[in-house]
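The values are calculated or read from the model by the stated rules, or taken from the named source; none is laboratory data. Remember, predicted model here, so these are calculated numbers, not experimental data. We place every Cβ from the backbone using ideal geometry, glycine too, and count neighbours over all the protein chains shown.
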Amino acid sequence: MEQRKPIISLIVTVYNLEKYLAACLDSILGQSGNDYEIVLINNNSTDNSGNICSDYAARYSKIRYFFLDGESVMWRAHRYGLKKAYGDYVWFIDGDDMLTENAYETVVKTLRKTRTEVLFARFNTFLEGSVASFTDIPYETVYINEHSKDEALEYLIEKQQPVLPTWRLIFSRALYNDIIRHEKFTELMCNAHQDTGFNVFILVSAKSIHYIDKAIYNYRVRTTSISRTDPSKKILAYCKVLLMYTRVAHDLVKTEAERNFTYAYYKQFLFLLSTIVCEADAHWNQVICDDIDNYTKAIDIIRDIVLKKDFFFVDKLISQGAAIALAAHKEYCQNKLSQISAAVKNKGGKVYLAPIGNVGIFLKTALEQQGLIISGFFDNDQVKDGMEIAGSVVHLPTIAAEISANQPITILIGASYTSVPKQLKQQFISLGIPESDLIIIEF
């Protein structure tokens, strides 16, 4: 008898996750429902992950197990999983994360009812050790599910564009098959910051988007997570993703809403790049510059007036090369922070950063190199309240007025999400902090 095609292919990627893999697979296998498959990809693990994969595959017919040798590049495992998946929809799962209870049932019911091309939902974050992580932002379903795709994208930009790790979107294979018609560009995209880049392309290419206001995924943040790469690799990845977003915004989107959505992520990654390059250490060398220059040529962007105005950093990459562009951007960013530092020093009092995250950590280092002492962080994430990150304590915004009552205070607000600084500023004002004590860091 011919096997029925699964509704969802859950592609679980594994690299040296022997400590977490069983819990991940158990969280899937314990779900209600029968119409799914698990495509388990061992990305050349060197620990006991392979034996765990083999054991589960032998015990559960829903699991199809594949081993990849060679370099353990995450997107290589994702692409292989997509080729092997049979389902109408695809959902990537990191092998150290877990599904929440009844997540699959919730997702399948929604997919059957809406037939949407892309589905996303809330997630939980749980931390191991003093690490900085992104947090979930809840959205109002009425502004997404009851509106057109373009209207939904516009709402997401205004509210806050969602974080888009690989596991965030559940998307149809038909949509994916349509996207990979741009085969050369898709390959180039995989060579950049692949998770967010690919998911942005998925969202702007979809005809329909649906949101579930319920947590369906448990995201584990570890001190050894792959995302915590060194600054030089981040600079390389960020430059590539900026080039990729520029190409999407100029050549591949069809509507103004799609372009604006892509541009919002461009600005996000430009801010991330800026926080790294404004440190005293160079964080890049000629090898990285050559890699960026080769990628610039391959992605083939034509300079124009809009590029010079809105995508100015990419224009400089194209016209002057990575070495000159990065050095010039570093000088520009350091000058910006130098001006802020001078103004804050003259004022006196304690200085705090908001929010915490990789951006906050890099800004703290860069500002301290300007001679500014950072007393701590403010962040809305209650899980981080009281946690010491980068040598400074994280506080909830609600105690800002209490701290400021005892001494002068300045709160520097720097976030890669374009809507966040304004929202945080308004929150601090509502808590009694004078607007003159709030400075938004812009690059």
Within region 400-439, track down each residue that is of a type outside the set (Gly, Ala, Ser) and surrounded by fewer than 13 Cβ atoms within 10 Å (Cβ to Cβ). Glu402, Asn406, Gln407, Pro408, Lys422, Gln426, Pro434, Glu435
Restrict the check to region 293-301 and report whether at least one residue is under 27 Å from Gln161 (Cα atoms), free of Cβ contacts under 8 Å to residues at least 24 places away in the same chain and out of contact with any helix residue (DSSP H, G or I) (no Cβ under 7 Å at 6 or more places or on another chain). no
On the basis of being surrounded by 19 or more Cβ atoms within 10 Å (Cβ to Cβ) and either among the basic types (Lys, Arg) or on the phi > 0 side of the Ramachandran plot (or both), does Gly357 make the cut? yes
Any hit, region 382-389, residues being under 15 Å from Pro355 (Cβ atoms), modelled with pLDDT under 85 and not β-branched (Val, Ile, Thr): yes
Given the options Leu326, Leu307, Leu363, name the one that is at pLDDT 95 or above and buried (at least 17 other Cβ atoms within 10 Å of the Cβ). Leu326
Pick out, from region 32-135, the strands (runs of 3 or more DSSP E) lying fully within it that include 2 or more residues that are at pLDDT below 95 and under 18 Å from the mean Cα position of the chain (by Cα). 118-127
Those residues that are of a type in the set (S, T, N, Q) and more than 28 Å from Ala237 (Cα to Cα), I need them from region 39-79; list them, please. Asn48, Asn51, Ser54, Ser61
Regarding Ala23, is this residue assigned to a helix (DSSP H, G or I), modelled with pLDDT of 95 or more and farther than 29 Å from Leu175 by Cβ? yes
Every residue in region 139-160 that is among the hydrophobic types (A, V, I, L, M, F, W, C) and free of Cβ contacts under 8 Å to residues at least 12 places away in the same chain, please. Val142
Can you name the residue in region 235-258 that is assigned to a loop (DSSP other than H, G, I, E, B) and touching a helix residue (DSSP H, G or I) at 6+ places or on another chain (Cβ under 6 Å) and is also surrounded by the fewest Cβ atoms within 10 Å (Cβ to Cβ) among such residues? Thr255
